[in-house]
1. Is it fair to say residue 153 is touching a Phe, Trp or Tyr at 6+ places or on another chain (Cβ under 9 Å), closer than 17 Å to residue 117 by Cα, at pLDDT 90 or above and not hydrophobic (A, V, I, L, M, F, W, C)?
2. Might you check whether a residue that is in contact with a Pro (Cβ under 7 Å, 6 or more places away or on another chain) and either in a loop (DSSP other than H, G, I, E, B) or under 30 Å from residue 75 (Cα atoms) (or both) occurs anywhere in region 291-307?
3. For region 136-190, how many residues meet the condition of being more than 26 Å from residue 282 (Cα to Cα), of a type outside the set (Asp, Glu) and in a loop (DSSP other than H, G, I, E, B)?
4. Going by the conditions given, is residue 295 farther than 24 Å from residue 169 by Cα, in contact with a strand residue (DSSP E or B) (Cβ under 6 Å, 6 or more places away or on another chain) and in the same structural domain as residue 353 (by TED's automatic domain parsing)?
5. Specify which of the listed residues (118, 164) is modelled with pLDDT under 90 and under 30 Å from residue 251 (Cβ atoms).
6. Considering only region 65-74, how many residues are out of contact with any strand residue (DSSP E or B) (no Cβ under 6 Å at 6 or more places or on another chain) and in a helix (DSSP H, G or I)?
7. Among the residues that make up region 336-346, is at least one of them surrounded by 14 or more Cβ atoms within 10 Å (Cβ to Cβ), assigned by TED's automatic domain parsing to the domain that holds residue 296 and in contact with a helix residue (DSSP H, G or I) (Cβ under 9 Å, 6 or more places away or on another chain)?
Amino acid sequence: MPTIEERIREIEEEIRKTPYNKKTQHHIGRLKAKLARLREELISRGCGGGARTEGIRKFGDASVALVGFPSVGKSTLLNKLTNVKSKIAEYEFTTLSVIPGMMKYNGADIQLIDLPGIIEGASIGRGRGKEILSVIRNMDLILIIVDALRIEQLGIIEDELYKIGIRLNQRRPDIKIERKHSGGIHIISNKNLKIKKELIKEILNEYKIHSADVTIHEEVDEEKIIDAIVGNRVYIPSIIVINKIDLLDDLNSLNSIGEKIKREFIPISAKNGTNLDVLKDEIFRRLGFIRIYMKPPGKEADMEEPLIMKSGSRIIDVCDKIHQDIKKGFRYARVWGNSVRFDGQIVGLEHEVKDGDIVTIITR
């Protein structure tokens, strides 16, 4: 009887060989559902092991994972961006454990985590892969570090992250599945879906769901349906970082990389410090940070130490960031900045703040 790994490889090969069109859509959809279920089963069995990633605690305003193949320059980059001195050597598997460091930028404390080098097959446990990937799932941002001379690493890393249920630069699909004891499957949508309802039902049946109300509010494919069924996917922003550009011959080589990957990336040389300020700016931006400056009643605003909040935060979130009891005695807040019509405007707990706002909280 074939092992789970063998069955996974067989299905992957069949998907690769089958051209995707209207005639094969059902067949491929069923194969993808079987493949996802087998991967979940393999992961749940606890394959792989070895890396000491347990006990990793998140500190600061956000945590960022440095992900890449061995010897891609993650340790050098960590050393340049933080005050950590990670062991560096020109051979593989230098980083034998997780190494955290703190990057201070624009008033934010951003925890960077240098992980052991990922390899192909990490999602099924090769090279301590399962433990490494489990740490990545809890991060706020992923830096995918790729060697400028080995661009093929990018696709392998993204594939391994996808297989473990990490969705890069995506949002959770707007699909709601309510299981029932009987009555069959009812699909409700305000869209004229391209995917056939029969295929949705077959995917649900693959997961032994035979009665459910399925509400879909956006255009979806079979993979989004599978993600909604499994329910344990994580959606994390990422930045592609091409390191060691000092080894490239000329600008044409860098342009060639852009043509190959067809996505935005930041070219750097961690060794020489090239473009590290650009990378810091992008990390801050992709984390969705805004800076709020607190002004105690009757005093000047503290413009040196901003309160770091997420975009979309409200006054109630500012109160919670300072102390959870503040909102209990909250009367009103005064705000100076882009979020109000005039400086010093009085607002309530639901007011959304903007980057650079100055805020005074008035309590009872």
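1. Judged against the criteria, residue 153 is a match.
2. Start the filter on region 291-307 by keeping residues that are in contact with a Pro (Cβ under 7 Å, 6 or more places away or on another chain), which leaves 291-293.
Adding the requirement that they be either in a loop (DSSP other than H, G, I, E, B) or under 30 Å from residue 75 (Cα atoms) (or both) leaves 291.
Looking for residues that are in contact with a Pro (Cβ under 7 Å, 6 or more places away or on another chain) and either in a loop (DSSP other than H, G, I, E, B) or under 30 Å from residue 75 (Cα atoms) (or both), one finds at least one in region 291-307, hence yes.
3. Looking only at that region, the number is 6.
4. Working: farther than 24 Å from residue 169 by Cα: yes; in contact with a strand residue (DSSP E or B) (Cβ under 6 Å, 6 or more places away or on another chain): yes; in the same structural domain as residue 353 (by TED's automatic domain parsing): yes.
Here the answer is yes, as residue 295 does meet what is asked.
5. Numbers: 164 fails: under 30 Å from residue 251 (Cβ atoms).
Just one listed residue meets the conditions, 118.
6. Of the residues in region 65-74, the ones out of contact with any strand residue (DSSP E or B) (no Cβ under 6 Å at 6 or more places or on another chain) are 69-71.
Checking which are in a helix (DSSP H, G or I) leaves us with none.
Residues flagged as out of contact with any strand residue (DSSP E or B) (no Cβ under 6 Å at 6 or more places or on another chain) and in a helix (DSSP H, G or I) within region 65-74 amount to 0.
7. Step one: of region 336-346, the residues surrounded by 14 or more Cβ atoms within 10 Å (Cβ to Cβ) are 336-337, 339-340, 345.
Now narrow it down to the ones that are assigned by TED's automatic domain parsing to the domain that holds residue 296: 336-337, 339-340, 345.
Subsequent filtering for residues that are in contact with a helix residue (DSSP H, G or I) (Cβ under 9 Å, 6 or more places away or on another chain) retains none.
The answer is no, given that none of the residues of region 336-346 is surrounded by 14 or more Cβ atoms within 10 Å (Cβ to Cβ), assigned by TED's automatic domain parsing to the domain that holds residue 296 and in contact with a helix residue (DSSP H, G or I) (Cβ under 9 Å, 6 or more places away or on another chain).
Conditions (1) free of Cβ contacts under 8 Å to residues at least 24 places away in the same chain; (2) of a type in the set (Lys, Arg), marked per residue:
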residue: 135; (1), (2): no, no
residue: 141; (1), (2): no, no
residue: 146; (1), (2): no, no
residue: 155; (1), (2): yes, no
residue: 167; (1), (2): no, yes
residue: 173; (1), (2): no, no
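The values are calculated or read from the model by the stated rules, or taken from the named source; none is laboratory data. Computed from a prediction, not measured in an experiment: that's the story for all the values here. Don't worry about glycine lacking a Cβ; one is built from the backbone with ideal geometry, like all the others, and counts go over all protein chains shown.
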